[in-house]
Amino acid sequence: MVESEHPMPLVLGIDGGGSKTLALVAGVGGNVVGRGLAGPSNFQVVGIEAAYAALDAAVAAALLIASQGELVAICLGMAGAGRPQDRAIIQAWCDDRYPGVPVSIVHDAALLLSAGTPDGWGLALICGTGSLCYGEHPSGVSARAGGWGYLLGDEGSGYAIGLAALRAVARSADGRGSVTALTQRILAHWSLSAPQDLIPYIYQHIAQEDSKRSGIAQLTPLVLAAVGQGDAVATSIIAQAGYELALAVHAVIGQLGLESPVPCALGGGVLVQGLALREAFLKAVTKLHLNLDPVTVVEEPALGAVRLAQDLRLQKS
């Protein structure tokens, strides 16, 4: 960064996940003055060396735009860094690159909560390839539901929706389930000719890829599009997904004893981009007699990292 007699104090917020890393540099008032995007930095998935490289690239790009200033606080919201030993790996990167700068390392749901709730407490519901509900009481006590992974849980997630769609196609082909527009949509998506072609494609192609979960989750837009055309099977799948997400919210509210109304931040590509799923979720919320207010869609959780970095600076000043 360019030296200055009176360098502007800056905070750095990072959202690091399994698909990309976004770094935002902001003034202490919160105005973003630099941003940088790089590849995945979940070291559980890509390894430590690749994660460090992604962090370096994203931060370098953000600081290149914010050409003058001095970092005074850093917050990193990192997927895969939930345990102390995991956070130590990220802390080592911080200590090497920015010695002496105050650092906060949190999980990615904490960013969503910070970015999408008025006072930093309430619920953060994430629905992308996987699903998770995280909550914080105003006292600071936290709880979570979901996030068990695709074999044990992730109900309501993009993966669960895609898998339900594939099973619906199989049932329809056998005559065990209703005819659905999902059959032709999914076959066309993978350039297949008949439902039976799904067997070799799924087991020999999708299941052999490291990204097999995301490959199935990528069917979610097809399901949402079929809902828009009135397909009963697709509508039922999305309704069930919305209900599962509402159940996770219900569980966290119960664990924390949160009093109504409860702020709720929504994040993850499936929820952010899927209007029909959000509507199904809110309908299920009403059915479960939950009072969520405000409900905020968060498109850029990295802004939560900026907010937390600002809080850290104030604590340290």
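The values are calculated or read from the model by the stated rules, or taken from the named source; none is laboratory data. Not measured: the values here are computed from a predicted model. Counting neighbours? That spans all protein chains shown, and the Cβs are built from the backbone with ideal geometry, glycine included.
Summary table
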| read-out | value |
| --- | --- |
| Check on Arg97, within 22 Å of Arg35 (Cβ to Cβ) and of a type in the set (Lys, Arg) | yes |
| Residue within segment 305-316 that is touching a Phe, Trp or Tyr at 6+ places or on another chain (Cβ under 6 Å) and not in a loop (DSSP other than H, G, I, E, B) present | no |
| Test: residue in segment 141-148 that is under 25 Å from the mean Cα position of the chain (by Cα) and loosely packed, with under 15 Cβ neighbours inside 10 Å | yes |
| Condition check for Ser157: polar (S, T, N, Q), at pLDDT below 95 and out of contact with any Phe, Trp or Tyr (no Cβ under 7 Å at 6 or more places or on another chain) | yes |
| Among (1) without any contact (Cβ under 8 Å) to a residue 40 or more places away in the chain; (2) assigned to a helix (DSSP H, G or I); (3) closer than 17 Å to His107 by Cα, the one test that Gln44 misses | (1) |
| Segment 110-127, residues that are crowded, with 24+ Cβ neighbours inside 10 Å and of a type outside the set (Val, Ile, Thr) | Leu111, Leu112, Leu113, Ser114, Ala115, Gly116, Gly122, Leu123, Ala124, Leu125, Cys127 |
| Options Ala50, Ala23, Ala60, Ala66; residue that is within 21 Å of Ile89 (Cα to Cα) and buried (at least 16 other Cβ atoms within 10 Å of the Cβ) | Ala23 |
| Residue that is surrounded by the fewest Cβ atoms within 10 Å (Cβ to Cβ), among those in segment 282-317 that are without any contact (Cβ under 8 Å) to a residue 60 or more places away in the chain and within 19 Å of the chain's Cα centre (by Cα) | Glu299 |
| Every pair of residues 6+ apart whose Cβ atoms lie under 8 Å, when the first sits in segment 206-219 and is at pLDDT below 65 while the second is assigned to a helix (DSSP H, G or I) and surrounded by 15 or more Cβ atoms within 10 Å (Cβ to Cβ) | Glu209/Gly215 |
| Sole exception among (1) assigned to a loop (DSSP other than H, G, I, E, B); (2) under 24 Å from Ala115 (Cβ atoms); (3) at pLDDT 95 or above for Gly140, by number | (3) |
| Subset of segment 119-167 (residues that are among the aliphatic types (A, V, I, L, M), touching a Leu at 6+ places or on another chain (Cβ under 6 Å) and assigned by TED's automatic domain parsing to the domain that holds Ile216) | Ala165 |
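Residue-by-condition table, conditions (1) within 15 Å of Val306 (Cβ to Cβ); (2) under 18 Å from the mean Cα position of the chain (by Cα); (3) in the same structural domain as Val101 (by TED's automatic domain parsing); (4) in a loop (DSSP other than H, G, I, E, B):
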site	(1), (2), (3), (4)
Leu24	yes, yes, yes, no
Gly30	yes, no, yes, yes
Arg35	yes, no, yes, no
Pro40	no, yes, yes, yes
Ala50	no, no, yes, no
Val59	yes, no, yes, no
Leu63	yes, no, yes, no
Ala73	yes, no, yes, no
